[in-house]
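The structure appears right after this line, and notes come after that.
Please treat every number below as a calculation from the coordinates, not as lab data. Keep in mind that this is a model prediction, so the values were computed, not measured. No Cβ is skipped: glycine too gets one built from the backbone with ideal geometry, and neighbour counts run over all protein chains shown.
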Amino acid sequence: MKNKLILFVVCSMIFGGIISAQEHKFQLLNQTEFDVYEIYISPAEDEVWGEDILDSLILSYKDTIDITIDLADECKWDLMILDELGNEFIWEDIPICEIKKLLLYLDDENIPQAIWE
């Protein structure tokens, strides 16, 4: 009887969506005053970056892109962007699962920053 109950709970979780991947959508707004040529997002614990989510596109200054990621039980993610010259700008431990908008901008010293809501 115990085995049947465990099997029922596991099946209910799988078919009920509890174990399924959790997608999260957010917008990335580019207010950096430069075009972004590559964007990488990966869980903070990962040692390597994944694929460039822009592929061959360019995120121009003042443009917005909608991003959907599979959270895979990770809330803290790292973000890296590259400009036309290949300069890398990295933000770590962004609580991606909690945000709807991520704004990239230049501070008073022209250093790219990120804020989110």
Quiz item: Under a plain spin-label model, where a point goes 7 Å from the Cα along Cα-to-Cβ, how far apart in nm are GLN22 and ASP70?
Solution: 1.6 nm
Quiz prompt | Potential extension, GLU33-ILE53 segment - 0.36 nm per residue separation minus Cα distance | solution = 5.2 nm
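Can you pull the Kirkwood radius for region 21-116, inverse mean 1/r over Cα pairs, to one decimal in Å?
On the way: mean 1/r = 0.0742 Å⁻¹.
The Cα-based Kirkwood calculation yields 13.5 Å.
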Quiz item: What nm distance separates the two modelled labels at GLU84 and GLU109, each placed 7 Å from Cα along Cα→Cβ?
Solution: 2.5 nm
